[in-house]
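What follows is a short report on a single structure.
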Amino acid sequence: MGKIDLSSETDTALIEATNVLESGGLVIFPTDTVYGIGALPKFPDALERIYAIKKRPQEMSLPLLLSDMTQVNDCSTFNGQELQTLAKVFWPGPLTLILPDVLEHMNELLTQNGTVAVRSPDHDFVRGLCAKVGPIAATSANIHGQPTPLRISEMPESFDSADLIIDGGECSYGTASTIIELGNGTPKVIREGPIPEADLLSALL
């Protein structure tokens, strides 16, 4: 395991994180919400490692972090007006969108009932990393069902088995993102986080 301080080694962190991900490794990094652990979707063994370390149920698919709206095309062909509106208003930010019309090549660990969850976080490092390597399959760096970490020091020891840890200090929001499902009639809020449901529905009027 390597560890890099993002505040003093930003360029090194981006280079090393890119190298680890592109070699099939796991990286822990800060986002705007909580710390995450991620891998590239093209490495099934790395995705399985995330499930094992986190003790995450296999039936819970992994969401994808994106650099921006353009990378939605790497995951889904859905292009509804709700997607355009919500991404324009709330991305980058703590909003996860569940989309239908998943591309056929998507790993089954990333899809659930023909949908995929995507988010563009309000964190320059993570978006820059996604811009270099493509969408990153990532989830919070905590044991499933336990509190989510805002600092590296709050992560369970099992996460030390990741190949690289990027220490970016304390995360901003401190709570997991709001989740809304699109493409199946009326948009449905699955989980309310930093963005209130009322704000989402207001934006869609």
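The values are calculated or read from the model by the stated rules, or taken from the named source; none is laboratory data. These figures come from a predicted structure and were not determined experimentally. Quick reminder, even Gly has a Cβ in these numbers, built from the backbone with ideal geometry, and neighbours come from all protein chains shown. Quick note on the areas: whole protein, heavy atoms, side chains included, nothing else; ligands and nucleic acids left out. Shrake-Rupley method; radii C 1.70, N 1.55, O 1.52, S 1.80 Å.
Annotations
- Qualifying residue in the stretch 137-148 (condition: over 20 Å from Lys3 (Cβ atoms) and either open to solvent by less than 10 Å² (accessible area, probe 1.4 Å) or among the charged types (D, E, K, R) (or both)): yes
- Looking only at the stretch 117-135, and only at residues there that are of a type in the set (Gly, Ala, Ser) and outside any loop (DSSP other than H, G, I, E, B), the one that is most open to solvent (accessible area, probe 1.4 Å): Ala131
- Residue within the stretch 48-64 that is small (Gly, Ala, Ser), more than 16 Å from the chain's Cα centre (by Cα) and closer than 18 Å to Ala141 by Cβ present: yes
- Flag for Ala203 being part of a helix (DSSP H, G or I), open to solvent by less than 40 Å² (accessible area, probe 1.4 Å) and farther than 27 Å from Gly24 by Cα: yes
- Within the stretch 157-201, the residues that satisfy the criterion of being over 21 Å from Gln112 (Cα atoms), among the polar types (S, T, N, Q) and modelled with pLDDT under 95 are Ser158, Ser172, Thr175.
- The stretch 1-116 holds helices (runs of 4 or more DSSP H) entirely within its bounds, and those carrying 1 or more residues that are open to solvent by less than 10 Å² (accessible area, probe 1.4 Å) and closer than 22 Å to His144 by Cβ map to 44-54.
- Taken over the stretch 136-178, the criterion of being of a type in the set (Val, Ile, Thr) and either closer than 18 Å to Ile50 by Cα or in a loop (DSSP other than H, G, I, E, B) (or both) is satisfied by Ile136, Thr139, Ile143, Thr148, Ile152, Ile165, Ile166, Thr175.
- The stretch 136-161 residues that are touching a residue at least 12 places away in the same chain (Cβ under 8 Å), paired with ones that are of a type in the set (Phe, Trp, Tyr) and part of a helix (DSSP H, G or I) (beta carbon under 8 Å, 6 or more apart): Ala141/Phe159
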